[in-house]
Amino acid sequence: MYTWKNHFVVQADYQHWANEVMFTALDYLQPDVIGSDQGLFFNSIHHTVDHILTVSQSWLARLQGEHFAANYRVINNPDWRDLKLALRRETRKLQTWLEAQPSEFFDSQFAFSGSDGKPHTMWVRDGLTHLFTHYAHHRGQVSAVVTRLGAPCPEMDFVYYRREMERLLTEMKSAQPQ
């Protein structure tokens, strides 16, 4: 049965998968390029990926009814390897947390203070949709830079994720003893 919960748990898994595809493409670049100004909104690839992580942490805190103080103007995770690990952990943390929520949670609203300091109320499903499209928005910016710099174009579309998951399930089923 298709539910909002199932939808967003799959979306969280997709975010993790797409981040890995992006990281694989980034591995083709020299480390100094990751931190250099590439004309992105947050200037560098490093700052852009750091922003993805910080926004993810902020929205998870909001969904949990907590406050997360974020400074988007600075790089909060200066070590590139630590940043990649932190983003990996954060997307899995979000996925695990979503899996633990009752189905009714996804049809509820939550209140939070926005980055403007004002109180807001939003449907959970709209907050999650915003978060996941935010991931895709900034990964798309990074993808354009990666490709411009000569690395392979990362194929991060959801359809590629679904094909990969179907392939893995087929392999698992064929590997099981009959």
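For a quick check: sort K93, K118, K5 by the number of other beta carbons within 10 angstrom, fewest at the front.
Placing the least packed residue first, the sequence is K118, K93, K5.
At 0.36 nm per residue, and after removing the present C-alpha to C-alpha distance, how many nm does the segment from H67 to A175 gain when stretched out fully?
Taking 0.36 nm per residue and subtracting the Cα distance, the gain is 34.3 nm.
If R₀ is 25 angstrom, what is the calculated FRET efficiency for the pair H7 and A144, using the beta carbon separation as r and rounding to 0.05?
The computed FRET efficiency comes out at 0.35.
Between E99 and D27, what length comes free when the chain is fully extended (0.36 nm per residue of separation minus the Cα-Cα distance, one decimal in nm)?
Separation in residues times 0.36 nm, less the Cα-Cα distance, equals 22.8 nm.
At 10 °C and 1.306 mPa s, what whole-number value in µm²/s does Stokes-Einstein give for the translational diffusion of the range 57-100, with Rh from the Kirkwood sum over Cα pairs?
Translational D for this selection: 137 µm²/s.
If you bin the C-alpha pair distances of the chain every 10 Å from 0, what whole percents do you get?
Each 10 Å bin holds this share of Cα pairs: 9, 34, 33, 18, 5, 0.
No value in this document is a laboratory result; all are computed from the given coordinates. Remember, it's a predicted structure, so these values are computed and weren't measured experimentally. Cβ: placed from backbone, ideal geometry, glycine included. Neighbour counts: every protein chain shown.
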